[in-house]
1. If one computes the Cα centroid of the stretch 45-80 and of the stretch 121-137, what distance in Å separates the two points?
2. Starting from the Cα of Phe78, step 7 Å along the direction of its Cβ; do the same at Arg102; then give the gap between the two resulting points in nm.
3. So in the chain, what percent of DSSP beta bridges are antiparallel if you round to the nearest 5?
4. Please give the calculated 222 nm ellipticity per residue for the chain, where each DSSP H segment of at least 4 residues contributes -39500 (n - 2.57) and the sum is spread over every residue; nearest 500 deg cm²/dmol?
5. When N is the residue count of the stretch 7-79, what does its C-alpha Rg come to as a fraction of 2.2 N^0.38 Å?
6. Give me the extension gain from Leu131 to Leu119: residue separation times 0.36 nm, minus the current Cα-Cα distance, reported in nm with one decimal.
7. With +1 on the Cβ of every Lys and Arg and -1 on the Cβ of every Asp and Glu, and nothing else charged, how large is the dipole of the chain about its Cα centre, in debye rounded to the nearest 20?
8. Using only Cα atoms, tell me the angle between helix 41-51 and the longest principal axis of the chain; keep it within 0 to 90° and round to the nearest 10.
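Quick note: the coordinates plus some simple rules give every number you see, no bench work behind them. The structure displayed is predicted, hence computed values, not measured ones. Heads up, the Cβs are rebuilt from the backbone with ideal geometry, glycines too, and the neighbour counts pull from every protein chain shown.
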Amino acid sequence: MKFRLNKREVTDLLKEKGINPTAQRVEIAHLLYQKPQHLSADEILSLLNAEYEQVSQATVYNTLKLFVDKKVVRELIFSSDRIYYDSNTIPHHHFVDIDTGRIFDIPLCIIPVPELDRLNMGDAQILETTLVLRGRFPHRETHVQIQNDLSDHVVKNGERCARESGMNTGIEIGQPSLKSTAS
Ligand SMILES: [Zn+2]
């Protein structure tokens, strides 16, 4: 997948996902698609209002719900009061630093997918496998570099990892074609 999309590319992406690209939806998607990142709705709201035009809280919440439904972003629910929106839709796991709350992307193929057929779950269809690892770093100065390196790894190798895991992830894999489908 591709990041640092310009507004025209964001508009085309939204159209391709079947979303009417209103100005505010384009602003929100443009913010999210600058890099692989994990933002709460409140963080998105304050970033938008600092850098873009004023957008209401209701608009942000409704737009994020639409984006999750249309697989423009992934919703990460760590707990009822810790919900994040992940702009990297390639399947991957996460590591949460319990001291800072920072979220790191972990490539899917580094952690083998459990043998779910051994769980005897009948005909359950697993749509997504995502693990959340929790831990801490004794030396925080390397945080940002590690975080960026892991995100890059997921973006560069994520599709191969997802294929190798053999899972139907329920998430669209691959670089979004930016060709507009609007007639
Ligand atoms: Zn992520």
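1. Between the Cα centres of the stretch 45-80 and the stretch 121-137 lies a distance of 24 Å.
2. Once both label points are built, they end up 1.3 nm from each other.
3. Of the beta bridges lying entirely in the chain, close to 75 percent run antiparallel.
4. Theoretical 222 nm ellipticity from helices: -11500 deg cm²/dmol.
5. 1.01
6. Going from the current span to full extension adds 2.6 nm.
7. Numbers: 22 positive and 25 negative charges, 81 e Å.
Roughly 380 debye, rounded to the nearest 20.
8. Taking the Cα atoms of the chain, the angle to 41-51 is about 40 degrees.
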